[in-house]
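Since the structure comes first, as structure tokens, the remarks are kept for the end.
The values are calculated or read from the model by the stated rules, or taken from the named source; none is laboratory data. A quick note: this is a predicted structure, and the numbers were derived from the prediction, not measured. Every residue, glycine as well, gets a Cβ built from its backbone with ideal geometry; the counts of neighbours run over all protein chains shown. Please note that ligands, DNA and RNA were not included when accessible areas were found on the heavy atoms of the full protein model with its side chains. Shrake-Rupley method; radii C 1.70, N 1.55, O 1.52, S 1.80 Å.
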Amino acid sequence: GTVTKGMPYKVYHGKTGRVYNVTKRAVGVIVNKRVKGRIIAKKINLRVEHIRHSKCRDDFLNRVVKNELVKKEAKASGIFVSTRRAPVVPRSSHTVKGKGISVEEVCPIRYEFIA
């Protein structure tokens, strides 16, 4: 059957926290919980089956490794390369064409009051 021991309460599902204690079968995690207008740091104990590593740290570490390689190549070739993240540029304008499809102009119907 399913393991329900050490399950987090529904408020904590999907939350990210910091591990502060490790035991044989469980871990203690500090999680932020919003209560009315304030945020309280709560300590909860969870079984290891119900937790997983956060992916955001992996993405950061991969970016650091990639930036170091880019900087090393740029230094060897003698050119400047920016390693900062840039926002996505909007796509350029283009015309959509259809084969054998006529263009249909759509306009609203005028409202007429019928008494």
Selection within the range 12-36 - over 19 Å from the mean Cα position of the chain (by Cα) and either open to solvent by less than 100 Å² (accessible area, probe 1.4 Å) or touching a residue at least 40 places away in the same chain (Cβ under 8 Å) (or both): 19, 20, 21, 23, 26, 27, 28, 29, 30, 33, 35
Selection from the range 51-71 of residues that are within 23 Å of the chain's Cα centre (by Cα), open to solvent by less than 100 Å² (accessible area, probe 1.4 Å) and over 14 Å from residue 16 (Cβ atoms): 61, 63, 64, 65, 67
Breaking point among (1) out of contact with any Gly (no Cβ under 7 Å at 6 or more places or on another chain); (2) under 30 Å from residue 12 (Cβ atoms), for residue 50: (1)
Qualifying residue in the range 37-45 (condition: modelled with pLDDT of 95 or more, basic (Lys, Arg) and exposed (fewer than 10 other Cβ atoms within 10 Å of the Cβ)): yes
Pairs with Cβ under 8 Å, 6+ apart, first in the range 41-60 and part of a helix (DSSP H, G or I), second aliphatic (A, V, I, L, M) and surrounded by 10 or more Cβ atoms within 10 Å (Cβ to Cβ): 48/26; 48/27; 50/7
Residue within the range 72-82 that is under 24 Å from residue 6 (Cβ atoms), outside any loop (DSSP other than H, G, I, E, B) and either at pLDDT 95 or above or within 22 Å of the chain's Cα centre (by Cα) (or both) present: no
Subset of the range 2-40 [of a type in the set (D, E, K, R) and not in a loop (DSSP other than H, G, I, E, B)]: 10, 18, 33, 34, 38
